1. Name the single residue, out of those in region 127-185 being over 21 Å from Val197 (Cα atoms) and acidic (Asp, Glu), that is nearest to the chain's Cα centre (by Cα).
2. Take the conditions within 21 Å of Val112 (Cβ to Cβ), modelled with pLDDT of 95 or more and not in a strand (DSSP E or B) and apply them to Ala179. Does it pass?
3. Check Ile175, Ile140, Ile183 and return the single one that is under 14 Å from Thr92 (Cβ atoms), touching a Phe, Trp or Tyr at 6+ places or on another chain (Cβ under 8 Å) and β-branched (Val, Ile, Thr).
4. So which residues in region 105-147 are open to solvent by less than 40 Å² (accessible area, probe 1.4 Å), touching a Pro at 6+ places or on another chain (Cβ under 9 Å) and at pLDDT 95 or above?
5. In region 91-148, what residues are among the polar types (S, T, N, Q) and in a strand (DSSP E or B)?
6. So, in region 69-98, exactly how many residues are open to solvent by less than 60 Å² (accessible area, probe 1.4 Å) and of a type outside the set (A, V, I, L, M)?
7. Of all residues being in contact (Cβ under 8 Å) with a residue 60 or more places away in the chain and of a type in the set (D, E, K, R) in region 83-135, which is farthest from Phe147 (Cα to Cα)? Just the residue, please.
Amino acid sequence: MLSSWFLVLVVVCGGVWAQPGVNQPTPEEGDGLNPEQTPEDVRVLVQQLTARVEKLEAECGANRAESQVAFSASLVTTSDWTHQGPFTTDTTLLFEKVTTNIGNAYDPNTGVFTAPVKGLYYIRFTGCVGSSGSMNAALIKNSENMFAVFDTRGVHGSASNGMPLVLEVGDRLSITLWAENTIFDQSNLSTFSGFLVSPM
């Protein structure tokens, strides 16, 4: 679309420029225009400009595709009441029901989101309390605890938390359920999600 409008602008301006009686600036005015250009010169110039615009459009399209990153996944794929835990050790949760995975940066087999581009991301986790009546889980960036959800009000209570994070290429995010806690899902209650706000 951009190249089409640009081409029209160049052709129209070139046509006006070639009309008799139109005031033409001299080369001394420093605008780079040459009143002695032939139609062939103009044609070559238009071809060069068109090629440059098409290259820029292709680069913009590639950058746009690269910067589209978003994921959302639920803990289990079944609508049956499903409790996980308590585990004797801290456990990385596998959010198996993937609803959105633009950029394919979330892996449901490991429960890990790996940042494909450097940028500002928004990450959110919501969890429902499982059979133990206590849920304590955290978002882990590489090996660092970034934020947590905690609820001891009883079975099926819920908590949610989220924050913007600056991630480098290759940074890994996952949700860890701390030992002796439980979590509950019915395919859409306990979720892990995020998206790229802006590349950096």
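1. Glu144
2. On the way: within 21 Å of Val112 (Cβ to Cβ): yes; modelled with pLDDT of 95 or more: yes; not in a strand (DSSP E or B): yes.
When the stated conditions are applied, Ala179 passes them.
3. Details: Ile140 fails: touching a Phe, Trp or Tyr at 6+ places or on another chain (Cβ under 8 Å); Ile183 fails: touching a Phe, Trp or Tyr at 6+ places or on another chain (Cβ under 8 Å).
The unique qualifying residue is Ile175.
4. Across region 105-147, the qualifying residues are Ala105, Val117, Gly119, Tyr121, Ile123.
5. Start the filter on region 91-148 by keeping residues that are among the polar types (S, T, N, Q), which leaves 91-92, 99-101, 104, 109-110, 114, 126, 131-132, 134, 136, 142-143, 145.
Matches in region 91-148: Thr91, Thr92, Thr99, Thr100, Asn101, Thr114, Thr126, Asn136, Asn145.
6. Residues that pass the stated criteria total 9.
7. Only one residue fits best here, namely Lys97.
The values are calculated or read from the model by the stated rules, or taken from the named source; none is laboratory data. None of the values given here were measured: they were computed from a predicted structure. Heads up, the Cβs are rebuilt from the backbone with ideal geometry, glycines too, and the neighbour counts pull from every protein chain shown. For the accessible areas, the whole protein counts, side chains as well, though only heavy atoms, and no ligand, DNA or RNA atoms are used. Shrake-Rupley method; radii C 1.70, N 1.55, O 1.52, S 1.80 Å.
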